[in-house]
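This report refers to the structure that appears directly beneath it.
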Amino acid sequence: MSGYVISPPPVSSVPVAGGGAFPVRRVFCVGRNYAEHAREMGSDPDRELPFFFCKPADALVTGDADMPYPTMTTNLHHEMELVVAIGTGGKDIAEADALSHVWGYAAGLDMTRRDLQNAAKKEGKPWDMGKGFDQSAPIGVLIPAAGFPDPTKGKIELKVNGKLRQVSDLSKLIWSVAETIAFLSRLVALAPGDLIFTGTPEGVAAVVKGDLLEGVVEGVGTVTARIV
């Protein structure tokens, strides 16, 4: 116990290709980072700096496990994303050096209680509970950065029950991986174990119990989750 008055919580982690696990410290997510998705959410992608929200580390769902349909919502949306794992921390990281801080990459899903998020936005309230709920972040296996040396391009797509819902390319990110890391490191000191969900392309939509979600980031890997 080492002086703790309760047992410390377990460390959340993501499996690594070839074996081992990546311990997770924090989970940052970039909002509206593809132009067409920003437009479908009613925003102008040309007029804002990147902004971020967080999910708890234990919201991650690994091993292609089922994801329970969450409580307090009737409008659960999928958001397919490239996930970046930080291996070397830093503050005020230069864009030119940003990718050297990356340990690896994975495919992930930022699941969203859209009705709760929209209601909170309308009332000017925080929308943490629309994003940061239990088991809201399915994620695939991490691959080392050397296996994906150029995160500026590559197809990203999501199928639901075998039908294509989202498809785009990483080249359409408004803020690239390097730019995102550099900007975020001006807001907080990044640390080993941090994850960054880099944003979703257009095509987000509702899912229901029984739906099978299958996502792919070209050159990185897959993420699968069935809603139960």
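Things worth noting here:
- Between the listed residues ALA145, LEU184, PRO70, the Cα displaced farthest toward the positive end of the dipole of the chain, a dipole computed from Cβ unit charges relative to the Cα centre, is found at PRO70.
- Taking 0.36 nm per residue of sequence separation and removing the Cα-Cα distance, the ASP64/VAL208 pair yields an extension gain of 50.1 nm.
- Amide proton proximity set for GLY90, modelled H, under 5 Å, gap of 5+: LEU190, ALA191
- Using a simple spin-label model with pseudo-atoms 7 Å out from Cα toward Cβ, PHE52 and LYS172 lie 2.5 nm apart.
- Accessible carbon and sulfur surface of the stretch 138-228 relative to its total accessible area, %, 1.4 Å: 57 percent
- Charged side chains reduced to their Cβ positions (Lys and Arg at +1, Asp and Glu at -1) give the stretch 63-197 a dipole of some 440 debye around its Cα centre.
- ³J(HN,Hα), Karplus 6.51/-1.76/1.60, whole Hz, each residue of the stretch 80-94, x for Gly, Pro: 7, 8, 7, 10, 10, 10, 7, x, 10, x, x, 10, 6, 6, 6
- Probe 1.4 Å, accessible area per residue of the chain, Å²: 46 Å²
- Additional length obtainable on full extension of the chain from LYS122 to ASN161, 0.36 nm per residue less Cα span: 10.8 nm
- Applying a threshold of 23 Å to the alpha-carbon distances of LYS125/LYS172; LYS55/LYS121; LYS55/LYS91; LYS131/LYS209; LYS159/LYS209 flags LYS125/LYS172 as lying beyond it.
The values are calculated or read from the model by the stated rules, or taken from the named source; none is laboratory data. Computed from a predicted model, the values in this text were never measured in an experiment. For neighbour counting, all protein chains shown are included, and Cβ atoms are generated from backbone atoms with ideal geometry for every residue, glycine included. These area figures cover heavy atoms from the full protein model, side chains too; ligands, DNA and RNA do not enter into them. Shrake-Rupley method; radii C 1.70, N 1.55, O 1.52, S 1.80 Å.
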